[in-house]
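The values are calculated or read from the model by the stated rules, or taken from the named source; none is laboratory data. Not measured: the values here are computed from a predicted model. With ideal geometry, Cβ positions are generated from the backbone for all residues, glycine too; neighbour counts draw on all protein chains shown.
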Amino acid sequence: MYRPLAVLLMVIHAALVAYAAWCHSPVFNEAGHLGSGLYHLQTGRFEPYRVNPPLVRTVAALPIVLFVPRQDWSQVRDSPDLREEYDVGTRLLDALDGRAMPFLRLARWGCIPFALLGAVVCWRWASRLFGEASGLVALALWCFSPYVLGHASLVTADAQAAAVGVTAFYVFRRWLGEPTWRRALVAGLALGAAQLAKTLLLVFYPLMLLSLIVETVCTARKEGRPSSAVLWAMFGSLVAASVATINAGYLFRGSFRRLDDYRFRSVALSCPVAGREGIGPHNNAFTGTWLGALRVPLPEDYVLGIDRQKQDFEVGTRCYLRGQWQERGGWWYFYLYALAIKVPLGTWALGALAVALVVRCPSYRANVRDEALLLTPAVTVFVLVSLQTNITIHSRYLLPALPFAFIWMSRVGKSLLLRSPAVLGTSLVLLTWSVLSSLYCYPHSLSYFNELVNGPRHGYRHLHDSNVAWNQDLLFLRRWLEAHPKAGPLHLACLGLADPACVGLDFVLPPYGPPTPAYAAGKDGALLGPRPGRYAIDVNFLCGHQRSLPAGDGKLAPSFHLGCDFSYFRRLKPVAMAGYSICIYDITLEEANRLRRELGLPELPARERVASEGAG
């Protein structure tokens, strides 16, 4: 009974991910991932996108490597000071010309096995702990999570790392429960694969070490268990297998370099050169110490990637929350706030019910080891990510914690075995609410927001970037334009490095406008907006986002100039939206002049009406 339902849920999940992969345009950094993956396969080198390990993007590039001609990679430079992945990605899209979307879809579909792996592990782990009904609860939470649906359909590493990470801990849990040498080897391979998916999962090493210490103390005299010495030997082989897997994933390039041979850039690993601050050449903090002579048993690019990612978090960036910008760094509660409004309320309510059951009913509890193996990874990932307050932008960084939370709260399904109709009925209602809330927003799962903030339509008032709009809705914009043709050029401001021409859009940039009358003073009003015409504006720019954007001529342009940006569109009412990330405006001369008066700009003459209506 349960297995066919589980298979059905997985088939539905795969179909949902596949369709989302089909209908969305390239997101901001997706071309960089795909281009870097193709570079790895064609050259056997790993310089681009060092800040992320290569597993997911390499798997994504496998379906297309036989169909894409060998690229000219001569312009890729090997330097820890550079982030080459964005140039690599844009050059690949240019080389693919009109075939970019078919190849990108193939690459996205190549990542579907990661999503199914996460589904299988959530189902199996929950079933073993709390029964098969709970397995279906955990499976449904994974399969219909808007976070999973949104990110598993992209050539990025977040949902995929969540799947590989929970698999590594599940296999480790199997070994810890019944330790054998074969299981230790499998657990080591899985742990190594997790490190090749995302460096955040390095935290699994101390967590597994702590779990083994507790297990050794608690089961020291248990019959049938290997001795402590044998357990530690198995764990050593597990770690060795994981390190070997990491090295194999990088083809052993640069492994076992001396620690003092590296040129680090992060403050944590280097000593800044005298007279320099911030980004720039740095020394190696281990030079002249006994540690510097040690050989690092990890690939060079893996180590340099950790260093560069650490530097990015040290330097920080401009952050946004609830209409407020901070120029350097963000808020300690950012990720908690993001989860509160981007996880379905039905899921939150299921979690609250699970907490109540654990507190009040011993029958719903697992043993201490299993409770710890679920809670410690989830809590540790959340805490570590939340501590990086210099960059509070992407709530997707929390994805590796979600499958552990789903399995932990799936205990509510045990109410079927315990014959508790009240708990069972409540659980079914809450689970159904969670699933329907997610599907209501599908396929725009990246833009999902729950009912606390009235859904996704105004999500940009709370969060920005990959939480709402990541350039994913250009194909929906094109479809809308085809159904609603109008004379004149399209003025488009969209987030991304990929030229929208790759999805068949011709456009020009909108005119910059002053956000307030104070900015209008002293500006040449004849060159500023608003002006009549058709506009498509990424909601990030309604917030005052300051990132370069495609200019319509194959180049990039700034999203602001001399204090002027595109935020004045907030004062206008869109006629439609493409997905939940692009607002579409048809501005008349009267509307433009009304807003120009509010902003302290001179009104436009009547000939602007004729020009806008007859252009094109």
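Once the range 11-39 is narrowed to residues that are buried (at least 24 other Cβ atoms within 10 Å of the Cβ) and over 18 Å from the mean Cα position of the chain (by Cα), the residue that is nearest to A60 (Cα to Cα) is L38.
Which of the following residues is closer than 21 Å to R570 by Cβ and not assigned by TED's automatic domain parsing to the domain that holds T392: L481, L505, L497, L490?
Answer to the selection: L490.
The number of residues in the range 87-101 that are over 16 Å from R70 (Cβ atoms), surrounded by 15 or more Cβ atoms within 10 Å (Cβ to Cβ) and not acidic (D, E) comes to 5.
Considering the range 414-442, and only residues there that are of a type in the set (S, T, N, Q) and surrounded by fewer than 19 Cβ atoms within 10 Å (Cβ to Cβ), the residue that is farthest from A138 (Cα to Cα) turns out to be S420. Evaluation of W331 against the conditions (1) touching a His at 6+ places or on another chain (Cβ under 6 Å); (2) in a loop (DSSP other than H, G, I, E, B) shows that the sole unmet condition is (1). Every condition in (1) more than 27 Å from H484 (Cβ to Cβ); (2) of a type in the set (A, V, I, L, M, F, W, C); (3) surrounded by 14 or more Cβ atoms within 10 Å (Cβ to Cβ); (4) more than 36 Å from the chain's Cα centre (by Cα) holds for A518 except the one numbered (3).
Rundown of residues vs (1) farther than 19 Å from A133 by Cβ; (2) not in a helix (DSSP H, G or I), yes/no style:
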site	(1), (2)
A372	yes, no
V385	yes, no
R411	no, no
L428	no, no
L446	yes, no
F449	yes, yes
A469	yes, yes
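Conditions tested, residue by residue: (1) farther than 26 Å from L41 by Cα; (2) of a type in the set (A, V, I, L, M, F, W, C); (3) surrounded by 20 or more Cβ atoms within 10 Å (Cβ to Cβ).
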| site | (1), (2), (3) |
| --- | --- |
| A233 | yes, yes, no |
| S237 | yes, no, no |
| A240 | no, yes, no |
| S266 | yes, no, no |
| S270 | yes, no, yes |
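Would you be able to say whether some residue in the range 344-365 is within 20 Å of A159 (Cα to Cα) and part of a helix (DSSP H, G or I)? Yes; the residues of the range 344-365 include at least one that is within 20 Å of A159 (Cα to Cα) and part of a helix (DSSP H, G or I). May I ask you to say which residue of L475, L509, L492 is farther than 30 Å from V343 by Cβ, in contact (Cβ under 8 Å) with a residue 40 or more places away in the chain and touching a helix residue (DSSP H, G or I) at 6+ places or on another chain (Cβ under 9 Å)? Answer to the selection: L492. Got at least one residue in the range 74-83 being modelled with pLDDT under 90, in a helix (DSSP H, G or I) and closer than 30 Å to G165 by Cβ? Among the residues of the range 74-83, not one is modelled with pLDDT under 90, in a helix (DSSP H, G or I) and closer than 30 Å to G165 by Cβ, which makes the answer no.
Take V230 and decide whether it is of a type in the set (V, I, T) and modelled with pLDDT under 90.
Working: of a type in the set (V, I, T): yes; modelled with pLDDT under 90: no.
It is false that V230 is of a type in the set (V, I, T) and modelled with pLDDT under 90.
Please indicate, with yes or no, whether at least one residue in the range 451-465 is more than 18 Å from the chain's Cα centre (by Cα) and closer than 19 Å to P558 by Cα. No, that holds for no residue.
For G529, indicate whether it is touching a residue at least 40 places away in the same chain (Cβ under 8 Å), buried (at least 23 other Cβ atoms within 10 Å of the Cβ) and in a loop (DSSP other than H, G, I, E, B). Here the answer is yes, as G529 does meet what is asked.
Within the range 551-569, the residues that satisfy the criterion of being surrounded by fewer than 19 Cβ atoms within 10 Å (Cβ to Cβ) and either part of a loop (DSSP other than H, G, I, E, B) or touching a strand residue (DSSP E or B) at 6+ places or on another chain (Cβ under 9 Å) (or both) are A551, D553, G554, K555, L556, A557, P558, F560, L562, G563. Check whether at least one residue in the range 182-196 is modelled with pLDDT of 95 or more, surrounded by 14 or more Cβ atoms within 10 Å (Cβ to Cβ), over 26 Å from Q309 (Cβ atoms) and among the basic types (K, R), and report yes or no. Yes; the residues of the range 182-196 include at least one that is modelled with pLDDT of 95 or more, surrounded by 14 or more Cβ atoms within 10 Å (Cβ to Cβ), over 26 Å from Q309 (Cβ atoms) and among the basic types (K, R). For F449, the requirement of being of a type in the set (F, W, Y), surrounded by 16 or more Cβ atoms within 10 Å (Cβ to Cβ), closer than 25 Å to L589 by Cβ and in contact with a Gly (Cβ under 7 Å, 6 or more places away or on another chain) is not met.
From the list R396, R461, R411, which one is among the basic types (K, R), closer than 30 Å to A498 by Cβ and surrounded by 18 or more Cβ atoms within 10 Å (Cβ to Cβ)? Can you show your working first?
Values: R461 fails: surrounded by 18 or more Cβ atoms within 10 Å (Cβ to Cβ); R411 fails: closer than 30 Å to A498 by Cβ.
Unique residue meeting the criteria: R396.
For the range 52-67, a residue qualifies if it is surrounded by 18 or more Cβ atoms within 10 Å (Cβ to Cβ) and either among the β-branched types (V, I, T) or not in a helix (DSSP H, G or I) (or both), and the qualifying residues are N52, P53, P54, V56, T58, V59, I64. Of the set (1) over 18 Å from M577 (Cα atoms); (2) at pLDDT below 95, all apply to T426 but (2). Within 27 Å of G554 (Cα to Cα) and out of contact with any Leu (no Cβ under 7 Å at 6 or more places or on another chain) - does that describe any residue in the range 1-20? No - not one qualifying residue is present in the range 1-20.
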